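Since the structure comes first, as structure tokens, the remarks are kept for the end.
The values are calculated or read from the model by the stated rules, or taken from the named source; none is laboratory data. Please read these numbers as outputs of a predicted model, since none were measured by experiment. FYI the Cβ positions are ideal-geometry reconstructions off the backbone, even for glycines, and counts take in every protein chain you see. For the accessible areas, the whole protein counts, side chains as well, though only heavy atoms, and no ligand, DNA or RNA atoms are used. Shrake-Rupley method; radii C 1.70, N 1.55, O 1.52, S 1.80 Å.
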Amino acid sequence: MSMAAPTKAGPLRSEQIILFRIGEQLFALSSSSVQEVRSADSLSGGAHEISAPGIDKVRQFVRRGPNTLFLVSGAAHFGLSAPDGILAFVLRNTRTALLVDSIEKMTAITRLQALPLSFCHEERQWYRGLTALDQTIVPVVRSEGFLSDDELLMLEAALPPPEVSSEDTEAESDTDFSEELN
């Protein structure tokens, strides 16, 4: 009687992640969900203040062409006692720029554990699951979990009307100035 050869398990599927800190807390985020990483100063230089009742985690927004990005304080979102971060993750396919303190490293994970049932409130929307790295359990955040649809509607309602861009204003003033010389 011949024995069938044992089947090999397929290769583990890995996912590239970014490990980052907000205060002392370590988090992970899929690198494919990050469009760009910028210093918070470079974004907040063009940022405008916004105040939407009940959404304290967003105090600024940035207009990028027809799109509006809301700067979400990671510390306020997760209820951590830390100042607003110095880096901003512009998240792909969202209207969010997440403020974080630092990037630890980029690495790969091969396992994502489901959230335990003790995660039973809004945090179920915040996290995709948990992973173990270097014997540390790290929550893996969901990029679309920082602003709910309701929060986006309230933020949209709180936006001031779009202003004329400074380039248009400068062009108009240049034109006016040259007309005065003629």
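Tell me the net charge near VAL62. Cut-off is 11 Å between Cβ atoms, VAL62 excluded, with +1 for each Lys or Arg and -1 for each Asp or Glu.
Details: positive: ARG38, ARG63, ARG64, ARG95; negative: none.
Local net charge: +4.
Over segment 109-158, what is the relative contact order in percent, taking alpha-carbon pairs closer than 8 angstrom and at least six residues apart?
Details: 45 pairs, mean separation 13.9, N = 50.
Once divided by the residue count of segment 109-158, the mean separation gives 28 percent.
Taking Cα centroids, how far is segment 46-62 from segment 83-131 in Å?
If we compute the Cα centre of each part, the gap is 21 Å.
State the antiparallel share, in %, of DSSP beta bridges confined to segment 46-113, rounding to the nearest 5.
On the way: 12 of 16 bridges.
If I count the DSSP bridges inside segment 46-113, around 75 percent turn out antiparallel.
Whenever you get a sec, compute what percent of the accessible area on segment 1-155 sits on carbon and sulfur atoms (1.4 Å probe).
Working: 4680 of 9110 Å².
Ligands and nucleic acids excluded, carbon and sulfur give 51 percent.
Take peptides 68-78, 136-146 and line them up by average Cβ neighbours within 10 Å, highest first, as a rough protection proxy. List each step's numbers first, then the result.
On the way: 68-78: 21.7, 136-146: 17.8.
Going by the mean number of other Cβ atoms within 10 Å, highest first, we get 68-78, 136-146.
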